[in-house]
1. Can you quote the Å³ per residue value for the convex hull of the Cα atoms in the stretch 105-151, rounded to an integer?
2. For Leu23 and Ser128, what does the FRET efficiency come to when R0 = 22 Å and r is the distance between their Cβ atoms, rounded to the nearest 0.05?
3. Could you give the dipole magnitude of the stretch 10-73 about its Cα centre, charging the beta-carbon of Lys and Arg +1 and that of Asp and Glu -1, in debye to the nearest 20?
4. Which order do the peptides 73-79, 176-182, 54-60 come out in when sorted by mean C-beta neighbours inside 10 angstrom, highest first?
5. Ala107 to Glu144: extension gain in nm, 0.36 nm per residue of separation minus the Cα-Cα distance?
6. Let's see if you can work this out: charge +1 on each Lys and Arg Cβ, -1 on each Asp and Glu Cβ, no other charges. What is the dipole magnitude of the chain about its Cα centre, in debye to the nearest 20?
7. Taking every pair of alpha-carbon atoms in the stretch 49-157, what share in percent sits in each 5 Å bin, from 0 to the bin with the longest distance?
8. Stretch Ala82-Leu200 to full length: gain in nm at 0.36 nm per residue minus the Cα-Cα span?
Amino acid sequence: MDTLPPQGSLSARAREAVERLILSGELAPGTRLNEVALAARLGLSRGPLREALRGLERDGLLSAGPAGQGMSVRRLEPAEMAELYDMRALLQGFILARIAERVARGALAVGVLDELRAQVATMEAMASAGDAAGYYAENLLFHEALHRAAGHRRAAGLYDLLIKESHLVRQRSLAHPDRMRRSNAEHAAMLEAAAAGDILLARTLGEAHVAEGGKRRWIESLGEG
């Protein structure tokens, strides 16, 4: 039996547990969920589980089948994935521009940029070692740290929803050492533009990291079977 997180209501805890199974890849895209088996695995009744599944459907992680067929893990079509990249690019540019603006007016806490640079260095080491799982996990933490540095909760929330929908596809796109290194070079460039207080360049590089670099890495991964 999987252990549920200790905090929150039963439905919230169930939602977090199922989300972990999806984002880890244990429940792969297209997998039809068996509510009885899943409820038994999580050690709860089907009521809280169903509420949790409806929430994950709203987040775009699950899709409902025809009446009586339950839910399955959502499988993104290429056109949907391309749209997610487009929207994430706008938010990424906004977030980097916000950081640059805060730097320019001296509003960013001391040490934040050093911590972000340290994360970039950690990802570089992981890319050199071919540690795709470690790189991807650190990449998520890096982007979360960028959101904190930007200090814009609504942008961070919207970005998080888009990331959840595209998670499994993005993970595959960053599985190759060369693509990890290219991704991290973009991290370093956009971070230094923000650190210099260059709002326009930070926005441009932030958008390009997703709309050009990220989308290109995804397209490359499509031909890998």
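Since every read-out is calculated from the coordinates, none of them should be taken as a lab result. All of these numbers come straight from a predicted model, not from anything done at the bench. All Cβ positions, even for glycine, are placed from backbone atoms using ideal geometry, and neighbour counts span all protein chains on display.
1. Each residue corresponds to 54 Å³ of Cα convex hull volume.
2. Computed FRET efficiency for Leu23 and Ser128 comes out at 0.30.
3. Its charge dipole is roughly 140 debye.
4. Top of the packing list down: 176-182, 54-60, 73-79.
5. Difference between extended and current length: 11.5 nm.
6. For this selection, approximately 520 debye.
7. Over the stretch 49-157, the share of Cα pairs per 5 Å bin runs 2, 10, 14, 14, 17, 15, 12, 9, 4, 2, 1, 0 percent.
8. Stretched fully, the Ala82-Leu200 segment lengthens by 40.1 nm.
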